[in-house]
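Bear in mind that the values in this text are calculations on the coordinates, not laboratory data. As the structure is a computational prediction, the values presented were derived from the model and not from experiment. Backbone-built Cβ (ideal geometry, glycine too); neighbour counts: all protein chains shown.
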Amino acid sequence: MVMYLGSRGSVIPYFEKLLEDGATSLPITEPNMTRFWITLQEGVDFVLKNFARMQGGEIFVPKIPSMKMTELAIAVAPDTPQEIIGIRPGEKLHEVMCPLDDSHLTHEFHEPILFIKPKHCH
């Protein structure tokens, strides 16, 4: 069974489709670009579990791994060359789950979770 990681727009099905259609390389926007790694089911479970914990306004953030897109391309197709195509307008090199501006509001939960308290609660 193939488990697709990420949400709608995940690069894994895109890479698989390119390979199925005979692509001789995989497009990589930037060699150092990273993305977080979570299955759709893990994301759904996280949301449902934290609905019960919510008291009002806090943001729950899962501690999940990230990886370079080049490493993901190697995992999907180890013998396929990669073509660097450049970052598109508005695209980020690295995603940020807890912005620096909210670091003073961010706390570690007893599980592999961070939570950001609402600004009106401090």
Filter segment 69-122 down to residues that are surrounded by fewer than 10 Cβ atoms within 10 Å (Cβ to Cβ) and aliphatic (A, V, I, L, M) and give me whichever is nearest to residue 47 (Cα to Cα). 96
Within segment 47-58, is even one residue farther than 26 Å from residue 15 by Cα and under 17 Å from the mean Cα position of the chain (by Cα)? yes
Please work out which residue is surrounded by the fewest Cβ atoms within 10 Å (Cβ to Cβ), limiting yourself to segment 36-68 and to residues that are within 27 Å of residue 19 (Cα to Cα) and β-branched (Val, Ile, Thr). 39
Evaluation of residue 11 against (1) without any contact (Cβ under 8 Å) to a residue 60 or more places away in the chain; (2) touching a Lys or Arg at 6+ places or on another chain (Cβ under 9 Å) (one fails), failing number: (1)
